[in-house]
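**Q** The structure under discussion is supplied below as structure tokens; questions concerning it will follow.
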Amino acid sequence: MSDLLKQAALAYHRCAPAGKICVTSTKPMLTQRDLALAYSPGVAAACEAIVADPREVSTLTARANLVAVVTNGTAVLGLGDIGPLASKPVMEGKGVLFQKFAGIDVFDIELDERDPDKLVDIIAAMEPTFGGINLEDIKAPECFIVERKLRERMKIPVFHDDQHGTSIIVGAAVLNALEVVGKRIEEARLATSGVGAAGVACLDMLVALGLKPENILAVDRDGVLYTGRPHLDPDKARYARPTTKRTLADIVEGADIFLGLSAGGILTPAMVATMADSPIIFALANPTPEILPEEAKKVRPDCILATGRSDYPNQVNNVLCFPYIFRGALDVGATGINEAMKLACVRAIAALARMEASDLGGAYGSEVLSFGADYLIPRPFDPRLLVMLAPAVAQAAMDSGIATRPITDMDAYREKLGQFIYRTSLLMKPVYECARSDRKRLVYAEGEEETVLRAVQTVIDEGLAFPILIGRPDVIETRIQRLGLRMRIGVDVELTNISNDPRFHEYWQHYHLLTERRGVTQAAAKNLLRSRPTLIAALMVERGEADAMICGIVGRFHKKLGYLRSVFGLDPGVPCTSAMTGVINDKGAWFFVDTHVQVDPSAEQIAEATLLASGRLKLFGVEPKVALLSHSNYGSHDNPSAAKMRQVWQILKRRAPDLEMDGEMQADTAWDEALRKRMFPNSTLDGRANLFVLPSLDAANIAYNMVRVMTDGVAIGPILMGLNKPAHILTPHATVRDVINMTAIACIEGLLRAPRQAHDAQ
């Protein structure tokens, strides 16, 4: 570890509050009644219910979502036997990963006990507290004893991550590596260095996957495991073979796979040179692998490599496994973690890596991830891990008969997990369902962009729309291949060639007809149509060749808006365009108007935007509760800005008397109903507002962005309103998920506008 990284890590851990985890309350504790419900006397009711039916502990307490990460600190990472106290940062880190990736709560338990039998007694005595036990960093062979005895005594999942977590990831990576090189696991020969807890578990897993035991040769610090070698413990003895080979160099020669879980630098380039064609090298020692990838590549350019490090491709990282295997096990009330569940996890990980990698831009920048030699297993921040692995594990637990709370609706379960990953999922569910009911043609102006292409693959898979891409065919085809996407031009997606489309003549003439009285000449129309895909997309919608459009991934919002306004008119009676943006955070869904269009709108423009936004909220199944925000509370200030918002209230009361709204009011008044009722008992708004209408673009954009950033929220939008055709302008920082969400919204608008447009055409 570099000094710079060391200092950064220490500063990270020291930042107040010290450490990485805390315990927070999940229920309100604001009033005397809250206290009476949470503790005495109300808590007695929960206790009595559990006495009557012990299964109620899963519904009345946190036990069903609480895991103990337990260690005695005898084999910590690459640090060795550093003791339980010094191991605490590692265990806290484990807790962070459980929570981050699977929403599982953790208590880290560091035990000052080296006797395996006493360890078993201590851990087993904690069964009433926890829904599962994750054993961590306990040295071999004690770890085998502890895990085996705990699994026999306890009726909750017990998992030794160093053994089985590593074995699951290695199993998935080996399966995919063999797929890449075109070899069968039943025929592969493996040489392994390191036959500790993780090594034995990995060998057991590979044998379960089809590797023949007779094709395995192993070496530990005392040499090759051969039949008759004295002083072998039972777990190692299972992998002793009748062989005359006695060194690592001997067993590596001719091997298809090298599996290293031992020490840095022990595998030499000369040894690698003797391996079979297209050798697979898993050098997993940390922090220094058995051989550095660059050294192996020098002598065997055809090799496939994996390490335990994040600075090389194919990092074998247990975080790909343990949060999700526990998630699935906890959710079905599994009484253990059996081989069927582990194998299900292996196969789900392997399958996920073979799918194209989407939604990873935020974690891995512009790096392109595609199944192959440098991408054998998914990355830790792949959001699909939870949705694919946890259900696979849960199903395996149910099929093998160890689930006490079987899941009856697996689709609903997957959807629930998806809501944890994509916080927009619940809000977007009705929009997605409506979009699927009648697939509309949606044109993407920036069809060459990778964000768009990744999103379009999901749009196709989920049946949200029929996509039309604008761009250069060769560029789009190349990027589809490079990204490992499955879409087929002309089958799954239509292509509009920006360089040579036969409709170009018609397009520029149509555009000139629309704009000739606004100073656009024929020459200007031609030039614009050659270089402005936004205009082409707009004309396709205007001409009925597409039902809706999306642009804005590249370029400036207002420039794009100008192009749209040159083609599209406004909805009847609407004075101008406006934009609404939503924020989803832990407290709910909140919407802001006008975040992107009108700099200083009039009262009439704000009122119109509010009505349009209220209608959009109903697309999500949300009943609008409108707060007209100001620095003023019900006339407490008399200046133009406050007066404007009071006028908005008057206009809305006249135009939409049934709309639940009030103002002008300050933001805390809109948020806190009790405060609002004390201040203004006759308020026409009940509960907490969900649509916040602000007096200016500055105020709306600042409020929306601060709420999003400071609450770790996820944005939906901007949703452009007021145009007479479905068209939306995203921003350059839009994610794949943003594009997918806006696709569904645009398609819904196209669906709702279709009858009106058909009537107008008649």
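**Q** Return the residues of the stretch 639-670 that are part of a helix (DSSP H, G or I) and within 16 Å of A609 (Cα to Cα); say none if nothing qualifies. Can you show your working first?
**A** We begin by selecting, within the stretch 639-670, every residue part of a helix (DSSP H, G or I); these are 640-655, 667-670.
Matches in the stretch 639-670: K644, M645, R646, Q647, V648, W649, Q650, I651, L652, K653, R654, R655.
**Q** Among the residues of the stretch 370-387, write down those that are part of a helix (DSSP H, G or I), among the hydrophobic types (A, V, I, L, M, F, W, C) and free of Cβ contacts under 8 Å to residues at least 60 places away in the same chain. I'd like the intermediate steps shown before the answer.
**A** Narrowing the stretch 370-387 to residues part of a helix (DSSP H, G or I): 384-387.
Next, only the ones that are among the hydrophobic types (A, V, I, L, M, F, W, C) stay: 385-387.
Answer for the stretch 370-387, where residues must be part of a helix (DSSP H, G or I), among the hydrophobic types (A, V, I, L, M, F, W, C) and free of Cβ contacts under 8 Å to residues at least 60 places away in the same chain: just V387.
**Q** To continue, here is another question. State which residue is surrounded by the most Cβ atoms within 10 Å (Cβ to Cβ) when the search covers only the stretch 39-86 and only residues that are closer than 15 Å to D112 by Cα, over 31 Å from the mean Cα position of the chain (by Cα) and touching a residue at least 24 places away in the same chain (Cβ under 8 Å).
**A** Taking the stretch 39-86 and keeping what is closer than 15 Å to D112 by Cα, we get 69-76, 81-86.
Filter once more, keeping what is over 31 Å from the mean Cα position of the chain (by Cα): 72-75, 81-86.
Going one step further and asking which of them are touching a residue at least 24 places away in the same chain (Cβ under 8 Å), we end up with 72-75, 81, 83-85.
Values: N72: 29, G73: 25, T74: 19, A75: 23, D81: 14, G83: 15, P84: 20, L85: 9.
The residue in question is N72.
**Q** Could you look through the stretch 708-721, keep only residues that are surrounded by fewer than 19 Cβ atoms within 10 Å (Cβ to Cβ) and out of contact with any Lys or Arg (no Cβ under 9 Å at 6 or more places or on another chain), and pick out the one that is nearest to A579 (Cα to Cα)?
**A** Initial filter on the stretch 708-721 (surrounded by fewer than 19 Cβ atoms within 10 Å (Cβ to Cβ)): 709-712.
Now narrow it down to the ones that are out of contact with any Lys or Arg (no Cβ under 9 Å at 6 or more places or on another chain): 709-710, 712.
On the way: V709: 19, M710: 22, D712: 22 Å.
The extreme case among them is V709.
**Q** Would you check if there is a residue in the stretch 240-248 being in a loop (DSSP other than H, G, I, E, B), in contact (Cβ under 8 Å) with a residue 24 or more places away in the chain and under 30 Å from L79 (Cβ atoms)?
**A** So the first thing to find is which residues in the stretch 240-248 are in a loop (DSSP other than H, G, I, E, B), and the list is 240, 242-247.
Those still in the list that are in contact (Cβ under 8 Å) with a residue 24 or more places away in the chain too: 243, 245, 247.
Subsequent filtering for residues that are under 30 Å from L79 (Cβ atoms) retains 247.
Looking for residues that are in a loop (DSSP other than H, G, I, E, B), in contact (Cβ under 8 Å) with a residue 24 or more places away in the chain and under 30 Å from L79 (Cβ atoms), one finds at least one in the stretch 240-248, hence yes.
**Q** To continue, here is another question. Given (1) assigned to a loop (DSSP other than H, G, I, E, B); (2) within 19 Å of M205 (Cβ to Cβ), where does D302 come up short, assuming only one miss?
**A** Unmet for D302, out of (1) assigned to a loop (DSSP other than H, G, I, E, B); (2) within 19 Å of M205 (Cβ to Cβ): (2).
**Q** Mind listing just one residue for me: the one in the stretch 485-503 that is touching a strand residue (DSSP E or B) at 6+ places or on another chain (Cβ under 8 Å) and over 18 Å from L529 (Cβ atoms) and, of those, surrounded by the fewest Cβ atoms within 10 Å (Cβ to Cβ)?
**A** Here the residue is I489.
Condition check ((1) under 30 Å from P293 (Cα atoms); (2) more than 42 Å from the chain's Cα centre (by Cα); (3) not hydrophobic (A, V, I, L, M, F, W, C)) across all residues:
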| site | (1), (2), (3) |
| --- | --- |
| K236 | yes, no, yes |
| Y239 | yes, no, yes |
| P242 | no, yes, yes |
| A255 | yes, no, no |
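One line per residue, one yes/no per condition, for (1) surrounded by fewer than 13 Cβ atoms within 10 Å (Cβ to Cβ); (2) touching a helix residue (DSSP H, G or I) at 6+ places or on another chain (Cβ under 6 Å); (3) not β-branched (V, I, T):
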| site | (1), (2), (3) |
| --- | --- |
| L5 | yes, no, yes |
| A18 | yes, no, yes |
| T26 | yes, no, no |
| D105 | no, yes, yes |
| D108 | no, yes, yes |
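**Q** Looking at E294, is it surrounded by fewer than 20 Cβ atoms within 10 Å (Cβ to Cβ) and either closer than 16 Å to P378 by Cβ or touching a helix residue (DSSP H, G or I) at 6+ places or on another chain (Cβ under 8 Å) (or both)? I'd like the intermediate steps shown before the answer.
**A** Numbers: surrounded by fewer than 20 Cβ atoms within 10 Å (Cβ to Cβ): yes; either closer than 16 Å to P378 by Cβ or touching a helix residue (DSSP H, G or I) at 6+ places or on another chain (Cβ under 8 Å) (or both): no.
Judged against the criteria, E294 is not a match.
**Q** Could you identify the single residue in A589, A548 that is surrounded by 24 or more Cβ atoms within 10 Å (Cβ to Cβ) and touching a strand residue (DSSP E or B) at 6+ places or on another chain (Cβ under 7 Å)? Walk me through how you get there before you give the answer.
**A** Values: A589 fails: surrounded by 24 or more Cβ atoms within 10 Å (Cβ to Cβ).
Just a single option satisfies the conditions, and that option is A548.
**Q** Looking at (1) under 25 Å from the mean Cα position of the chain (by Cα); (2) without any contact (Cβ under 8 Å) to a residue 40 or more places away in the chain, which one does G615 not meet, given that it meets all the others?
**A** Only one criterion is unmet by G615, namely (1).
**Q** Looking at this structure, is P657 farther than 28 Å from A746 by Cβ and either touching a residue at least 12 places away in the same chain (Cβ under 8 Å) or surrounded by fewer than 19 Cβ atoms within 10 Å (Cβ to Cβ) (or both)? Don't jump to the end; show me each part of the working.
**A** Numbers: farther than 28 Å from A746 by Cβ: yes; either touching a residue at least 12 places away in the same chain (Cβ under 8 Å) or surrounded by fewer than 19 Cβ atoms within 10 Å (Cβ to Cβ) (or both): yes.
Yes.
**Q** Within the stretch 137-153, can one find any residue that is touching a residue at least 60 places away in the same chain (Cβ under 8 Å), within 20 Å of I402 (Cα to Cα), out of contact with any helix residue (DSSP H, G or I) (no Cβ under 9 Å at 6 or more places or on another chain) and not assigned by TED's automatic domain parsing to the domain that holds L343? Break it down into steps so the answer makes sense when it comes.
**A** Start the filter on the stretch 137-153 by keeping residues that are touching a residue at least 60 places away in the same chain (Cβ under 8 Å), which leaves 137-144, 151.
From what is left, the residues that are within 20 Å of I402 (Cα to Cα) are 151.
Of the ones still in play, those that are also out of contact with any helix residue (DSSP H, G or I) (no Cβ under 9 Å at 6 or more places or on another chain) are 151.
With not assigned by TED's automatic domain parsing to the domain that holds L343 added as a condition, the list becomes 151.
Scanning the stretch 137-153 turns up at least one residue that is touching a residue at least 60 places away in the same chain (Cβ under 8 Å), within 20 Å of I402 (Cα to Cα), out of contact with any helix residue (DSSP H, G or I) (no Cβ under 9 Å at 6 or more places or on another chain) and not assigned by TED's automatic domain parsing to the domain that holds L343.
**Q** Based on this model, can you work out whether K677 counts as within 29 Å of L561 (Cα to Cα) and either assigned to a loop (DSSP other than H, G, I, E, B) or not assigned by TED's automatic domain parsing to the domain that holds L539 (or both)? I'd like the intermediate steps shown before the answer.
**A** Values: within 29 Å of L561 (Cα to Cα): no; either assigned to a loop (DSSP other than H, G, I, E, B) or not assigned by TED's automatic domain parsing to the domain that holds L539 (or both): yes.
So K677 fails the test.
**Q** Among the numbered criteria (1) over 30 Å from I468 (Cα atoms); (2) in contact with a Phe, Trp or Tyr (Cβ under 8 Å, 6 or more places away or on another chain), which single criterion is violated by T731?
**A** Every condition holds for T731 apart from (1).
**Q** Something else now. How many residues are within 17 Å of L97 (Cα to Cα) and assigned to a loop (DSSP other than H, G, I, E, B) if we restrict to the stretch 310-340?
**A** Total meeting the criteria: 4.
**Q** A further question follows. I'd like the residue in the stretch 169-193 that is in contact with a Leu (Cβ under 8 Å, 6 or more places away or on another chain), among the β-branched types (V, I, T) and touching a residue at least 40 places away in the same chain (Cβ under 8 Å) and, out of all such residues, is surrounded by the most Cβ atoms within 10 Å (Cβ to Cβ).
**A** I169
**Q** R479 - would you say it is surrounded by fewer than 18 Cβ atoms within 10 Å (Cβ to Cβ), in the same structural domain as G447 (by TED's automatic domain parsing) and of a type in the set (D, E, K, R)?
**A** When the stated conditions are applied, R479 does not pass them.
**Q** Further question on the same structure: Testing R436 on (1) surrounded by fewer than 16 Cβ atoms within 10 Å (Cβ to Cβ); (2) more than 30 Å from R479 (Cα to Cα), one condition comes back false. Which one is that?
**A** The one condition R436 does not meet is (2).
**Q** State whether the residues of the stretch 617-624 include one that is of a type in the set (F, W, Y), assigned to a loop (DSSP other than H, G, I, E, B) and assigned by TED's automatic domain parsing to the domain that holds V707.
**A** First, pick out the residues of the stretch 617-624 that are of a type in the set (F, W, Y): 620.
This time we only want the ones that are assigned to a loop (DSSP other than H, G, I, E, B), so: 620.
With the extra rule that they be assigned by TED's automatic domain parsing to the domain that holds V707, the set shrinks to 620.
Looking through the stretch 617-624, at least one residue is of a type in the set (F, W, Y), assigned to a loop (DSSP other than H, G, I, E, B) and assigned by TED's automatic domain parsing to the domain that holds V707.
**Q** Right, something else. Could you tell me which of the residues D658, D571, D586 is within 30 Å of V709 (Cα to Cα) and charged (D, E, K, R)? Give the steps one after another, and end with the answer.
**A** Working: D658 fails: within 30 Å of V709 (Cα to Cα); D571 fails: within 30 Å of V709 (Cα to Cα).
Only one candidate passes the filter, namely D586.
**Q** Could you list, ordered by first residue, the pairs with Cβ atoms under 6 Å in which the first is in the stretch 425-452 and closer than 21 Å to I729 by Cα and without any contact (Cβ under 8 Å) to a residue 40 or more places away in the chain and the second is among the hydrophobic types (A, V, I, L, M, F, W, C) and buried (at least 18 other Cβ atoms within 10 Å of the Cβ), at least 6 apart or interchain?
**A** Listed by first residue and then by second, the contacts come to E448/I476.
**Q** When residues of the stretch 574-585 are filtered for being in contact with an Asp or Glu (Cβ under 8 Å, 6 or more places away or on another chain) and not aliphatic (A, V, I, L, M), how many remain? If you could, list the steps in order and put the result at the bottom.
**A** Filtering the stretch 574-585 for residues in contact with an Asp or Glu (Cβ under 8 Å, 6 or more places away or on another chain) gives 574-576, 578-580, 585.
Of the ones still in play, those that are also not aliphatic (A, V, I, L, M) are 575-576, 578, 585.
So the count comes out to 4.
The values are calculated or read from the model by the stated rules, or taken from the named source; none is laboratory data. What you see is a predicted model, and the numbers here were worked out from it, not measured in a lab. Methodologically, a virtual Cβ is constructed for each residue, glycine included, from the backbone with ideal geometry; neighbour enumeration extends over all protein chains shown.
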